[in-house]
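Let me begin by presenting the structure, written as structure tokens, before commenting on it.
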Amino acid sequence: MKIKSLLFALFIVHLSITSLSAQKKEFKVVGYYTPSMPPEKLPMDLLTHINYSFAIPAKTGDTLLPIGQPENLKSLVKIAHQHKKSVFISIGGWGIGDEGGDDTRFHKMAERVEGRHTFVCNVMQFVRTYQVDGVDLDWEYPDENSPSADHYVSLVSELADSLHRKGKKLTAAVISYGAKGGGVKKEAFDKMDWLNLMAYDADYGPDYVVAHSPYSLAVKSLDYWIKERGLPAHKAVLGLPFYAKKGMGNYGPGYSDLIKDGASSYDDYWKGSFYNGTITIENKTKLAKQRGCGGVMIWEIVLDTTDETSLLKAIQRSK
């Protein structure tokens, strides 16, 4: 009996180690998706997770507005699950419904216990209705050294507990580095399954045109979250842009439009627009692998090409 018990215990340990090893080895490719392309045209073989963007909080913040194109989301979930891929609902975003970056709706909800609870209940109803696999919280941004940072922790704790009890996951989109990242306190890290680091849009400041997402920003973003803030590397998912910018906040074309216009897939600049070509995307993906990150994230997947210039294919080559 003792030998059998010992063998059984060793078997359980082996299963635990195998399970942990499998989790650590997964390199996620998380793609944000806006429903401007039919779900059946998405390259499911090149993705692990799709973040449907966006569900928008009502002005009170504690409930979600009816989602646009609900049949599109239902179709996406069905197709993704057939391919054994996961779909998350992304809540919020920069253009949350008021002026860009106005996060008043989140503040109104999170500052009250009742507001947070109502929000969590509403989100869980959404998760059940559409059978999504998780939630991506895109609050841009709780403020450093302010009550909203503590409110964020309380919100994340209640939402994560509710999702995890149902076998669902919780992630968040966060700024690449700096003071706005400080609003996401370390106490929230343990509750999150991972953070999507938006390592792009860093083109503000000087009165001259600068690249918005060079390789150096990826390094800086990972250093900030992992080294300075203490985020476990496997919970860091490095963001990659599939769009161009023309400096000082001016958005340029999507990657596919650049290629159609004659831009090279190997370069990062075309006619005043800065973007990430295949070489930079490959190098950033390798960096994420070398740093032990959980994967890479894309804003947004519908902007990619479908031939050999594809940035998703460049990620696949470098995983």
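The values are calculated or read from the model by the stated rules, or taken from the named source; none is laboratory data. Since the structure is predicted, the reported quantities are computational estimates derived from the model, not experimental observations. Note that each Cβ is placed from the backbone with ideal geometry, even for glycine, and that neighbours are counted across all protein chains shown.
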Near pairs, Cβ below 7 angstrom, 6+ apart or cross-chain, from the stretch 93-105 (touching a residue at least 60 places away in the same chain (Cβ under 8 Å)) to any residue that is assigned to a loop (DSSP other than H, G, I, E, B): none
Test: residue in the stretch 57-80 that is among the small types (Gly, Ala, Ser), at pLDDT below 90, farther than 22 Å from GLY254 by Cα and part of a helix (DSSP H, G or I): no
For SER148: the one exception among (1) more than 16 Å from the chain's Cα centre (by Cα); (2) buried (at least 23 other Cβ atoms within 10 Å of the Cβ): (2)
In the stretch 251-264, the residues that are touching a residue at least 40 places away in the same chain (Cβ under 8 Å) and closer than 16 Å to HIS212 by Cα: GLY254, TYR255
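If I ask for residues that are out of contact with any strand residue (DSSP E or B) (no Cβ under 7 Å at 6 or more places or on another chain) and either in contact (Cβ under 8 Å) with a residue 40 or more places away in the chain or of a type in the set (Asp, Glu) (or both), which ones from the stretch 202-225 would you list?
Start the filter on the stretch 202-225 by keeping residues that are out of contact with any strand residue (DSSP E or B) (no Cβ under 7 Å at 6 or more places or on another chain), which leaves 202, 204-210, 214-217, 219-220, 223-224.
Result: TYR204, ASP207, VAL209, VAL210, PRO214, TYR215, LEU217, VAL219, LYS220, ASP223, TYR224.
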Verdict on ASP267 being modelled with pLDDT of 95 or more and touching a Gly at 6+ places or on another chain (Cβ under 9 Å): yes
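If a residue counts only when it is within 19 Å of VAL219 (Cα to Cα), which helices (runs of 4 or more DSSP H) contained entirely in the stretch 249-319 have at least 1 such residues?
Details: elements: 255-261, 278-290, 311-318.
By residue number, 278-290, 311-318.
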Considering residues of the stretch 248-263 that are in contact with a Ser or Thr (Cβ under 9 Å, 6 or more places away or on another chain), surrounded by fewer than 21 Cβ atoms within 10 Å (Cβ to Cβ) and of a type in the set (Gly, Ala, Ser) only, the residue nearest to TYR275 (Cα to Cα): GLY252
